[in-house]
Amino acid sequence: MEGLEKTGVTVREAGPDDAVGGVRPSVVALPESVEEISAVLRACAEHDLAVVPAGGGTKLHWGPPPERCDVLLDLCCLNEVIEHAAGDLVVKAQAGLTMDALADALAAQGQELALDVPFAEGATVGGTLAAATAGPRAFRYGTARDLLIGITVVLPDGTVAKSGGRVVKNVAGYDLGKLFTGSYGTLGVIAEATFRLHPLPADRRYVVAGFASHERVQEAAAMLAASQAEPSAVELDWPGGDAPFTLAVLVEGSAAGQRAEALREAMGAGTVTDEAPAWWGLITDDEVLLELRFPPARAGEVLEAVRGTGFALRGSPVAGRVRLELGAQLSGAMTATGFAGVVSGLRERLAPLGGRVTVLAAPDESVDRWGPVSALPLMRRVKERFDPGRRMSPGRFVGGI
């Protein structure tokens, strides 16, 4: 493609598997350094080419399709751990490094990045940040945004900017880490990231209990959130309909067995085991996937609002974040019209509870994926500041940003 051949970056013709939300790019660029990312974006700026960054490609079907996609920027070649300061519990990694590879490297030193990323197979550091995915232990350790302490990004005009640890150049007035986490590639390209780590826990125990009603789940969740036993995660699994709820609690560290037993007694139900439930932290099908966020104190009411929709639910009632996927009675039977109606109905029921519904993946591109967003005017101004030419993943984010 015009302009890219002069950058020295490897470029190949795009194929069907490179499509983003059904939009096929013209070419795929494979930079091997921050400088090569910068060269590609400078060339794209000069020739008004739209760019979509990609890591493992595991979530390219999340979000609306881009308005246009000339160049898919594949970061697979930026796959190294740049620095692991084990004594400081800090790691710096390239954006194309898979989360599995990072976990293996850290485990060799008895440490971990406590993110529990869903769909970990193939997921990369950059993609995890761009999609802002969170796993079960976000309750105790926080999300990717919380564990990120430094970031290197390349802006749409090719400028390299850094924020946080070991700053070389900042974009004045902006916390780049917070801005770029969850931005779906619409502000620029995440090239490198520095994270705060934790030691691998010496022991783990799970308390698994079944409950027949959403009221009992709410009671248990409230008790667990305030417990001095300090659970690392509290996850709920519910197939939907009249099926019972399964609540699993993770306890880590010293005296994990004793603390888990204390939680089991406090709940008045369940068993203690050293094995996680088979469903722990997993999404079995993300072709149709919704995320619900809500005040944890309203978890029981949220469960009642989901009842009857046909969706299965999994997530954390104590963190106020759960995901919905098609339940058995809806699998293969959900029409686009029916899906839009279910989403609209859920938003109406959750709004009085302070809840929000985001459609991560959908069978119908006409459905409103984000719903009302009060901060949209500010987000538009940020987009205009960083990407006035609308070349970075145009249309992929809230309000068509």
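Can you tell me which residue in segment 1-60 is farthest from Pro363 (Cα to Cα), limited to those that are touching a helix residue (DSSP H, G or I) at 6+ places or on another chain (Cβ under 8 Å), in a loop (DSSP other than H, G, I, E, B) and hydrophobic (A, V, I, L, M, F, W, C)?
Val9
Would a scan of segment 379-397 turn up a residue that is touching an Asp or Glu at 6+ places or on another chain (Cβ under 8 Å), within 18 Å of Arg68 (Cβ to Cβ), buried (at least 17 other Cβ atoms within 10 Å of the Cβ) and of a type in the set (Gly, Ala, Ser)?
Scanning segment 379-397, I find at least one residue that is touching an Asp or Glu at 6+ places or on another chain (Cβ under 8 Å), within 18 Å of Arg68 (Cβ to Cβ), buried (at least 17 other Cβ atoms within 10 Å of the Cβ) and of a type in the set (Gly, Ala, Ser), so the answer is yes.
Within segment 69-79, is there a residue that is closer than 13 Å to Ser393 by Cβ and either among the hydroxyl-bearing types (Ser, Thr, Tyr) or out of contact with any strand residue (DSSP E or B) (no Cβ under 9 Å at 6 or more places or on another chain) (or both)? So that I can check it myself, show each step before the final result.
Here is the first cut: in segment 69-79, the residues closer than 13 Å to Ser393 by Cβ are 69-73.
Now drop any that are not either among the hydroxyl-bearing types (Ser, Thr, Tyr) or out of contact with any strand residue (DSSP E or B) (no Cβ under 9 Å at 6 or more places or on another chain) (or both), which leaves none.
No: segment 69-79 contains no residue that is closer than 13 Å to Ser393 by Cβ and either among the hydroxyl-bearing types (Ser, Thr, Tyr) or out of contact with any strand residue (DSSP E or B) (no Cβ under 9 Å at 6 or more places or on another chain) (or both).
Go through segment 195-248 and give me each residue that's of a type in the set (S, T, N, Q) and surrounded by fewer than 19 Cβ atoms within 10 Å (Cβ to Cβ).
Initial filter on segment 195-248 (of a type in the set (S, T, N, Q)): 213, 218, 227-228, 232, 246.
Answer for segment 195-248, where residues must be of a type in the set (S, T, N, Q) and surrounded by fewer than 19 Cβ atoms within 10 Å (Cβ to Cβ): Ser213, Ser227, Gln228.
Of the residues that sit in segment 103-153 and are at pLDDT 95 or above and acidic (Asp, Glu), which one is farthest from Leu224 (Cα to Cα)?
Asp104
Of the residues that make up segment 206-227, is at least one in a loop (DSSP other than H, G, I, E, B) and closer than 21 Å to Val117 by Cα? Don't jump to the end; show me each part of the working.
Looking only at segment 206-227, we keep the residues that are in a loop (DSSP other than H, G, I, E, B), and these are 212-213, 227.
Going one step further and asking which of them are closer than 21 Å to Val117 by Cα, we end up with none.
Scanning segment 206-227, I find no residue that is in a loop (DSSP other than H, G, I, E, B) and closer than 21 Å to Val117 by Cα, so the answer is no.
For a quick check of your reading of the model, give me the residue pairs whose first member lies in segment 271-288 and is assigned by TED's automatic domain parsing to the domain that holds Gly327 and aromatic (Phe, Trp, Tyr), whose second is surrounded by 15 or more Cβ atoms within 10 Å (Cβ to Cβ) and assigned to a loop (DSSP other than H, G, I, E, B), with beta-carbon atoms closer than 8 Å and at least 6 apart or on different chains.
From residues that are assigned by TED's automatic domain parsing to the domain that holds Gly327 and aromatic (Phe, Trp, Tyr), the pairs are Trp280/Pro136.
Quick one: count up the residues across segment 104-156 that are touching a residue at least 12 places away in the same chain (Cβ under 8 Å) and more than 16 Å from the chain's Cα centre (by Cα).
16
Of these, Asp88, Asp74, which one is buried (at least 20 other Cβ atoms within 10 Å of the Cβ) and charged (D, E, K, R)? Steps first, please.
Numbers: Asp88 fails: buried (at least 20 other Cβ atoms within 10 Å of the Cβ).
Going through Asp88, Asp74 in turn, just one is buried (at least 20 other Cβ atoms within 10 Å of the Cβ) and charged (D, E, K, R): Asp74.
Residues being in a loop (DSSP other than H, G, I, E, B) and in contact with a Gly (Cβ under 6 Å, 6 or more places away or on another chain): count how many of those fall in segment 240-271.
2
Checking the condition out of contact with any Asp or Glu (no Cβ under 9 Å at 6 or more places or on another chain) and either touching a residue at least 12 places away in the same chain (Cβ under 8 Å) or of a type outside the set (A, V, I, L, M, F, W, C) (or both), which residue from Leu236, Leu197, Leu247 passes? Spell out how you get there, then give the answer.
Numbers: Leu197 fails: out of contact with any Asp or Glu (no Cβ under 9 Å at 6 or more places or on another chain); Leu247 fails: out of contact with any Asp or Glu (no Cβ under 9 Å at 6 or more places or on another chain).
Just a single option satisfies the conditions, and that option is Leu236.
Is one or more of the residues making up segment 347-360 of a type in the set (Gly, Ala, Ser), in a loop (DSSP other than H, G, I, E, B) and touching a Phe, Trp or Tyr at 6+ places or on another chain (Cβ under 8 Å)?
Yes.
Condition check: surrounded by 18 or more Cβ atoms within 10 Å (Cβ to Cβ), among the acidic types (Asp, Glu) and at pLDDT 95 or above. Does Glu46 satisfy that?
no
Return the pairs, sorted by first residue and then second, in which the second residue is outside any loop (DSSP other than H, G, I, E, B) and of a type in the set (Ser, Thr, Tyr), the first residue lies in segment 208-232 and is outside the structural domain of Ala114 (by TED's automatic domain parsing) and over 25 Å from Ser254 (Cβ atoms), the beta carbons are less than 7 Å apart, and the residues are 6+ apart or on different chains.
Gly210/Thr246
Okay, residues lined up against (1) free of Cβ contacts under 8 Å to residues at least 40 places away in the same chain; (2) within 24 Å of Gly182 (Cβ to Cβ):
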| site | (1), (2) |
| --- | --- |
| Gly15 | yes, no |
| Arg24 | no, no |
| Glu32 | no, no |
| Ala39 | no, no |
| His47 | no, no |
| His61 | no, yes |
| Leu72 | no, yes |
| His84 | yes, no |
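Any residue in segment 250-263 that is among the hydrophobic types (A, V, I, L, M, F, W, C), surrounded by 17 or more Cβ atoms within 10 Å (Cβ to Cβ), modelled with pLDDT of 95 or more and under 27 Å from the mean Cα position of the chain (by Cα)?
Within segment 250-263, one or more residues are among the hydrophobic types (A, V, I, L, M, F, W, C), surrounded by 17 or more Cβ atoms within 10 Å (Cβ to Cβ), modelled with pLDDT of 95 or more and under 27 Å from the mean Cα position of the chain (by Cα).
The values are calculated or read from the model by the stated rules, or taken from the named source; none is laboratory data. Not measured: the values here are computed from a predicted model. Note that we place each Cβ from the backbone using ideal geometry, even for glycine, and neighbour counts take in every protein chain shown.
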